[in-house]
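Take a look at the structure below.
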Amino acid sequence: MELEFLLAAALAIFSGAMAVTRFSAVHALLYLIVALLALAVCFALLGAPFAAVLQVIIYAGAITVLFVFVVMMLNLGPASEYREHAWLQPGQWRGPGLLASLLLAEIVYVVLPGSGAEETLQVDAKAVGTVLFGPYLVIVELASLLLLAGLVVAWHVGRGGIGETG
Amino acid sequence: MTATPLVLALAAALLVIGVTGVLARRNLMFVLISVELLFNAAGLAFIAGGAHWAQPDGQVMYLLILAVSGTETAVALALMLRVERRFGTLDVDAVSLLRD
């Protein structure tokens, strides 16, 4: 499994470096998504399928959508519309699209029988859930409090302050 | 079975990329993207630990990192919107009043 992991790791590092060094936010977000997906493949190869699925759903899905919303809110007016038109040329999708299809090919290869992926010791969702709601129950409650606090703060800060225009 | 030092090396590499981004970029959006990479490096290290000892605790810690990261992103993006509205820019040097 070393080779598969090395490929996913190389993709993660490359797209991470690309995400940090891009000049437009949309390009950086595309590469960030590829890096997150590559890390999800790494998690799956390490025998943590539950974490891999959560990485795809929450990180590459929900958190990145938050970024996309903010990018959309920050770019208003005809000038930015022109700029966005330049951003969304099909040529800009090639790099992240190529990397993502490499990842897809890898995950298909790993899932197919006979690739040796079954040898890795899997810690499945049931084991995680048993521990999560056993010894770690208090931390789960604290995490829910943290999320509630984050919701309140984001709502309060995002709606604009009292006596301030906009 | 993937060797644990290899996984930790990947986590360290992502950490270095993230720290470089936080230090080098002046746009708040890219700083936040770098912070996301930092969270992922930490999560990967936890998963590596969990896989090394075949225990579910690593994934539990990853779940908690996920919650912290989601909260951080929501709050930081809301603050970023406020900075953009008030100063008309996303440059972090525009909000360095506390430093002076």
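The values are calculated or read from the model by the stated rules, or taken from the named source; none is laboratory data. Quick caveat, the model's predicted, so the values are computed rather than measured. Neighbour counts run over all protein chains shown; Cβ positions are idealised from the backbone, glycine included.
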Pairs, first closer than 15 Å to A:Ala10 by Cβ in the range A:87-111, second modelled with pLDDT of 85 or more and among the small types (Gly, Ala, Ser), C-beta under 6 Å, six or more apart: A:Leu99/A:Ser15; A:Leu103/A:Ala38
Candidates A:Leu29, A:Leu11, A:Leu6, A:Leu37, filtered to the one that is at pLDDT 90 or above, surrounded by fewer than 24 Cβ atoms within 10 Å (Cβ to Cβ) and either touching a strand residue (DSSP E or B) at 6+ places or on another chain (Cβ under 8 Å) or within 22 Å of B:Val68 (Cα to Cα) (or both): A:Leu29
Options A:Phe14, A:Phe50; residue that is assigned to a helix (DSSP H, G or I), within 7 Å of another protein chain (Cβ to nearest Cβ) and touching a residue at least 60 places away in the same chain (Cβ under 8 Å): A:Phe50
Matching residues, the range B:56-94, being in contact (Cβ under 8 Å) with a residue 24 or more places away in the chain, more than 19 Å from the chain's Cα centre (by Cα) and more than 13 Å from B:Met29 (Cα to Cα): B:Asp93
Close pairs from the range B:42-55: first facing chain A (nearest Cβ under 8 Å) and within 15 Å of A:Ala127 (Cβ to Cβ), partner in a helix (DSSP H, G or I) and of a type in the set (S, T, N, Q), Cβ under 6 Å, at least 6 apart: B:Gly50/B:Gln59
Residue check for B:Gly58: under 19 Å from A:Ala44 (Cβ atoms), surrounded by 20 or more Cβ atoms within 10 Å (Cβ to Cβ) and of a type outside the set (Lys, Arg): yes
Criterion: within 28 Å of B:His52 (Cβ to Cβ), of a type in the set (A, V, I, L, M) and in contact with a Pro (Cβ under 8 Å, 6 or more places away or on another chain) - qualifying residue of A:Val56, A:Val34: A:Val34
Number of the condition not met by B:Leu28 [criteria: (1) of a type outside the set (Phe, Trp, Tyr); (2) at the interface with another protein chain (Cβ under 9 Å from one of its Cβ atoms); (3) in contact with a strand residue (DSSP E or B) (Cβ under 8 Å, 6 or more places away or on another chain)]: (2)
Selected residue (only one of B:Ala45, B:Ala41 is of a type in the set (Gly, Ala, Ser), out of contact with any Gly (no Cβ under 8 Å at 6 or more places or on another chain) and modelled with pLDDT of 90 or more): B:Ala45
